[in-house]
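Here the structure is laid out as structure tokens; the discussion comes afterwards.
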Amino acid sequence: MSKVKYYYDSESLSYRKIERKKSDIVKYILLYLFGSTALSIFFIFLTSSYFESPREKALARELENLNLQYDILNNKIKDAESVLSNIEERDNAIYRIYFEASPISEDKRKAGFGGVNRYKKFDGYQYSDLIKESNKSIDILQKRIIVQSKSLDEITKLALEKEKFLQAIPAIQPVNNNDLTRIASGYGYRTDPFTKAKKFHYGMDFTAPKGTPVYATGDGVVKRVDSRSSGYGKHIRIDHGYGYTSLYAHLYKYNVKKWQKVKRGDLIGYVGNTGRSQAPHLHYEVFKDKVKINPVNFYYGNLTAKEYNDLLKKTSLVNQSLD
Ligand SMILES: [Zn+2]
């Protein structure tokens, strides 16, 4: 219901009707529209700065959760780092030392992460630092794992080589000697059984009846099976590699041929009394780089510490050798 508006005309002293022009009406409508739009924009601005929309609330929650998950992830990275540190320590202090490889330095294990630009792509956000730090930690961890893995490859190779070496060196006694009663004479100055003069005895004598089995003391290749060396009688020489050779003398019979490959513990011949020998016995020698060395130093292969000590005492007695 539209109201008719009047105004008081002081000249005519009467009320006159207000005539509205059309242009005024358009002006009012525009003004109204502008005003209400401005007001609503202002209102939206006001509410959005002080009150969150449900969508904003959801996003904020998601961001918070993301932050939390990043923290958990970073803690997991730290755990992995400490486990790896422990492995690295053992690698340097035990494995590498044991296999005579030099330890890998801290610098070498963590090298190559000084670059400034590597993480530039993460810049420009509120949580850039967090993302950068996490990425950096994972990169370093990855690098350390690769270095450690290579080190273990190297150690595996060295271990296999060492195993081969330990199988090859002459590390057991050449005859069954469970109660250690077969040692007649050791390495060192002994009385010569024939001349009764003091003479250096370069091997070990094991007393045993003729026909007692003689065993290879390490893996190797049979290099000689003959009696052409003066004094040794029928004898065998095994080349073990790594500069080691073992010699078994005064044999009664052979059980191997020249160039035959043998394993530690293989039956190679039988005790006898051939050559310069006073009674049936095995004369045993070990050479390292063509020098005769004391075989007793190698018998750790199948002896306990006590047995080894007893053996040392017996072999160091200055008695008469059987040659
Ligand atoms: Zn001897």
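The values are calculated or read from the model by the stated rules, or taken from the named source; none is laboratory data. All values derive from a computational prediction rather than experimental measurement. All Cβ positions, glycine included, derive from the backbone under ideal geometry; neighbour counts span all protein chains shown.
Couple of notes before you dig in:
- Residue match in the range 238-260 (condition: crowded, with 16+ Cβ neighbours inside 10 Å, at pLDDT 95 or above and charged (D, E, K, R)): yes
- Total residues in the range 174-220, condition in a strand (DSSP E or B), under 16 Å from G265 (Cβ atoms) and either more than 15 Å from the ligand (Cβ to nearest atom) or of a type in the set (D, E) (or both): 3
- When L282, L267 are checked against the criterion of being within 16 Å of the ligand (Cβ to nearest atom) and out of contact with any Lys or Arg (no Cβ under 7 Å at 6 or more places or on another chain), a single residue qualifies: L282.
- The range 132-179: number of residues that are under 30 Å from D71 (Cβ atoms) and over 18 Å from the mean Cα position of the chain (by Cα): 8
One line per residue, one yes/no per condition, for (1) over 30 Å from K198 (Cβ atoms); (2) surrounded by fewer than 16 Cβ atoms within 10 Å (Cβ to Cβ):
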{"site": "K263", "(1), (2)": "yes, yes"}
{"site": "L267", "(1), (2)": "yes, yes"}
{"site": "V271", "(1), (2)": "no, no"}
{"site": "T274", "(1), (2)": "no, no"}
{"site": "A279", "(1), (2)": "no, yes"}
{"site": "H283", "(1), (2)": "no, no"}
{"site": "F287", "(1), (2)": "no, no"}
{"site": "T304", "(1), (2)": "yes, yes"}
{"site": "K313", "(1), (2)": "no, yes"}
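- Lone qualifier among Y15, Y28 - being free of Cβ contacts under 8 Å to residues at least 24 places away in the same chain and either in contact with a helix residue (DSSP H, G or I) (Cβ under 9 Å, 6 or more places away or on another chain) or part of a helix (DSSP H, G or I) (or both): Y28
- One residue stands out in the range 221-237 among those that are free of Cβ contacts under 8 Å to residues at least 40 places away in the same chain and away from the ligand (no atom under 16 Å from the Cβ): the one that is farthest from E161 (Cα to Cα), namely R228.
- Applying a threshold of 6 Å to beta carbon distances and a minimum spacing of six or more residues, or different chains, the list of pairs starting in the range 188-211 at a residue that is touching a residue at least 40 places away in the same chain (Cβ under 8 Å) and of a type in the set (S, T, Y) and ending at one that is near the ligand (Cβ under 9 Å from one of its atoms) and not in a loop (DSSP other than H, G, I, E, B) reads Y202/E285; T207/A184; T207/H281.
- Screening Y215 against (1) touching a Gly at 6+ places or on another chain (Cβ under 6 Å); (2) at positive phi leaves a single unmet condition, (2).
- Flag for L141 being away from the ligand (no atom under 16 Å from the Cβ), touching a residue at least 24 places away in the same chain (Cβ under 8 Å), farther than 27 Å from V262 by Cα and touching an Asp or Glu at 6+ places or on another chain (Cβ under 7 Å): yes
- For the range 291-323, a tally of residues being part of a loop (DSSP other than H, G, I, E, B) and not small (G, A, S) returns 11.
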